[in-house]
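Before any comments, here is the structure.
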Amino acid sequence: MSTPQSALGSRENFWYDESTPLDELKETSVGQLNAHELRRLIRETTPFNIAVDAMGEPELRKWVRDRRENPNRPSECVTEYERARWKSHKVLREVATPVSKTAKHAPPDRGLEPLFAWLFADSHQDLITDHDPLSVHTERCEVELTRPVEHVPREYSGAEFGVTEYGQKRFRRRFDPEHGYLGGVDFEDLSLRKFMEVTEDVLGDLQVRHSFRQSRIDELLEDAKTLKSKQEKTDQDVLTEILFRVFMDAADH
């Protein structure tokens, strides 16, 4: 809950205390919560990712107020990017196998290789920085996740006793059966042909809904093909970028 100190200094509130119980924040009126408390409340009570760091304080307050008044209806203040991200995730979930995001993208544990590279390196270019000794996987790979089966406990950070687990979160989590990573959902890479079929179907539905010209749809499909062919982004990133342009165009109509 906000204190008199939260009004001092900048709006970032240097005195924000993470130890405030989540249940206390839930019972506090929206007008009394500061930006940090609003962001924490959204992160810990929303079952999908919201770009709260990109949201201004009015958007944060509107989101929390909307969720309290209409818990089953999505808030109108969701950014168009998050809307596109959610839509792309929903689409790919129906056509692609969910895989461990950590095993696919996070730096692996390369053992002693980075140490030897450091000992015998002639320049900084010879160093191996793509390495995390705490990782379980030793190379990037695609590992299919289990169904959502694991209950994840809630955590309370207290100054006296540290992190305390209590109860459980509402939604179960998937896990990586090979490395034990919990959550972190990505999708297997679709072939270019399959990806374009999926993208064309999605854009076709949106074209009817928003009355886009065919030339605009063709332009978006060409952009999607180019981005996918470069293989620099995940399928979800590419589809999110295309859908984000669609939603922004629709908002301008």
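The values are calculated or read from the model by the stated rules, or taken from the named source; none is laboratory data. Computed from a predicted model, the values in this text were never measured in an experiment. Positions of Cβ are backbone-derived with ideal geometry, glycine not excepted, and every protein chain shown enters the neighbour counts.
Would you pick out the residues in region 212-237 that are under 16 Å from residue 248 (Cα atoms) and free of Cβ contacts under 8 Å to residues at least 12 places away in the same chain? The answer is 213, 219.
The set of residues in region 221-240 being within 17 Å of residue 91 (Cα to Cα) and either buried (at least 19 other Cβ atoms within 10 Å of the Cβ) or among the small types (Gly, Ala, Ser) (or both) consists of 224, 228, 235, 236, 238, 239, 240.
Taking region 1-58 as the range and being under 29 Å from residue 90 (Cα atoms), modelled with pLDDT under 65 and surrounded by fewer than 17 Cβ atoms within 10 Å (Cβ to Cβ) as the test, the residues that pass are 47, 48, 49, 51, 54. Which ones in region 59-102 are among the hydrophobic types (A, V, I, L, M, F, W, C), modelled with pLDDT of 80 or more and part of a loop (DSSP other than H, G, I, E, B)? Across region 59-102, the qualifying residue is only 96.
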